[in-house]
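Right, one structure below, let's go through it.
The values are calculated or read from the model by the stated rules, or taken from the named source; none is laboratory data. None of the values given here were measured: they were computed from a predicted structure. Reconstructed Cβ throughout: ideal geometry from the backbone, glycine too, with neighbour counts over all protein chains shown. What goes into the accessible areas is simple: the full protein's heavy atoms, side chains included, and nothing from ligands, DNA or RNA. Shrake-Rupley method; radii C 1.70, N 1.55, O 1.52, S 1.80 Å.
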Amino acid sequence: MRLFVPYTDEREIEEVARVLATGYLTQGPKVAEFEGMIARLIGSRYAFAMSSCTTALHLALVALGIGPGDEVLVPDFTFPATANVVVQQGARPVLVDVRTDTYNLDLGDLESRYTSRVRAVIPVHAFGLSADMEPLMGFARRHGLAVLEDAACALGATYRGRFCGTIGDLGCFSFHPRKSITTGEGGMIVTGDEALAGRIRLLRSHGGVRPEGAAYFEFEAAGFNYRLSDLQAAVGVAQMGKFAWVLERKRELARQLTGLLRTVKGVTPPVEPDGYMHTYQSYVVMLDEAVDRDTVIAAMRRRDVETTLGTYALHAQPFFRRTYGYAAGDLPASYGVFRHSLTLPLYAQMEADDPERVVEALESAITEVAG
Ligand SMILES: *Cc1c(COP(=O)(O)O)cnc(C)c1O
């Protein structure tokens, strides 16, 4: 059983074929259609399709004016892109420890790492569960910090009735094939701020503007080419037609997994606190310290079930150790979830008896590894 399989069918092929037939392949009307679908879904004023979530996060930091001398607070337990974009701007990512139950930012640790050089915070909604945004926004407002949500895994997730990505100043989504919907590669920045939207629009495409009625561009800034193509947006439009079903199906399968795991010793299932709606981009469990996670991954593979780690503790990665002097374990909660978390298979097209197969395999793998 695969860890994840994106759900594509003839609808994506038809949408792509239609774009090919127009001969207009780069950013155009399909991108605008896809942006409109995302903006309407989450109630965002502006939405800008980008070549990936990583380029979206980078351009968001550029639009905020983050640069050398600045510090940005970033959770330690995340995919490295969240912090890499800060480094690319010549700023310093200040890594913050996470909670072991939600895998999200630990608010106490966040406050303790504040310095007068901090300009922004990038909360990650780990695996599709919102960070605790209310106290986080309070902290950010008290210190005048910008809030950039890394909502790569959280399209459709909500926090106290509000959609992830629309709570901070800016939000970024990913359409990598491992996320809930995909465009092959792709991302999106959403914001309600007109000034930020203007800078993003300009910088996404070379810094060029075409004055009213003019035949060609004028270049106002040294911009990027971070555009999504209409070919990719066509896949996105077809994917959006399935999104509500995919999300509901994954949530139902996640409920089944959590129910079945209640009786399995040595495993803690993911939580969905009251007031939160989890997308389960990944279904991540914690294994007891006595159970070696990597041996469990190998034992699961022998049972024909693909699993992987949750995600990375950045401070323990060679680049961050070398550059900022961290030692593995300096952020203890993040290091613990890095070493003991396990992602189980979860995708919309799973068969009805697959959750049972996964949990039976896990129970027997743990017994083998522990015994
Ligand atoms: C997937 C992911 C990214 C990167 O997304 P891309 O679209 O692959 O660039 C960034 N942050 C988090 C939390 C992710 O899960």
Taking +1 at the Cβ of each Lys and Arg and -1 at the Cβ of each Asp and Glu, which of 187, 60, 305 sits farthest along the dipole of the chain towards its positive end, judged by Cα position relative to the Cα centre?
60
Report the charge-dipole magnitude of the range 243-370 in Debye, nearest 20, computed about the Cα centre from +1 at each Lys and Arg Cβ and -1 at each Asp and Glu Cβ.
400 debye
Separation between Cα centres of the range 232-254 and the range 36-100, rounded to whole Å
24 Å
Across 20 Å bins from 0, what is the distribution of all Cα-Cα pair distances for the chain, in whole percents?
29, 57, 14, 0
For the range 20-79, alpha-carbon Rg relative to the globular expectation (2.2 N^0.38 Å, N residues):
1.49
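Taking the solvent-accessible surface of protein heavy atoms with a 1.4 Å probe, what is the per residue accessible area of the range 139-188 in Å²?
29 Å²
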Can you tell me how the range 204-272 classifies by the Cα gyration tensor, rounded, prolate or oblate, using a/c under 1.5 as the rounded cut?
prolate
For the charge dipole of the range 186-327, defined by +1 on Lys and Arg C-beta atoms and -1 on Asp and Glu C-beta atoms about the Cα centroid, which residue among 259, 278, 211 has the Cα displaced farthest towards the positive pole?
259
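Go ahead and estimate [θ] at 222 nm for the chain from helices alone: -39,500 (n - 2.57) per DSSP H run with n ≥ 4, summed, over the residue count, rounded to 500. Kindly include the intermediate steps, with their values, before the conclusion.
Working: 12 runs with 150 residues, N = 371.
Calculated from helices alone, the mean residue ellipticity at 222 nm is -12500 deg cm²/dmol.
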Remind me, relative contact order of the range 243-370 in percent, using alpha carbon pairs under 8 angstrom and six or more residues apart?
33 percent
Net charge dipole size for the range 220-280 [Lys, Arg +1 and Asp, Glu -1 on Cβ; Debye, nearest 20]
400 debye
Inter-part gap, Cα centre of the range 180-207 to Cα centre of the range 288-350, in whole angstrom, is 31 Å
Along the Cα→Cβ direction, 7 angstrom out, place labels at residue 24 and residue 289. What is the inter-label distance in nm?
6.1 nm
Label 7 Å along Cα→Cβ of residue 5; the range 121-145 residues with amide nitrogen under 14 Å?
none
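Charges only on Cβ, +1 for Lys and Arg, -1 for Asp and Glu: so what's the dipole of the range 10-240 about the Cα centre, in debye to the nearest 20? All intermediate terms of the calculation are to be shown ahead of the outcome.
On the way: 21 positive and 26 negative charges, 44 e Å.
Result for the range 10-240 is approximately 200 debye, rounded to the nearest 20.
So in the chain, what percent of DSSP beta bridges are antiparallel if you round to the nearest 5? Show your work: numbers first, answer last.
Details: 26 of 40 bridges.
Roughly 65 percent of the beta bridges in the chain run antiparallel, per DSSP.
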Can you give me the solvent accessible area of residue 164 with a 1.4 Å probe, rounded to the nearest 10 Å²?
0 Å²
Kyte-Doolittle cut-off 0.0, length cut-off 18 Å along the helix's own axis using Cα: show which whole DSSP H helices in the chain pass.
29-42, 230-261, 354-370
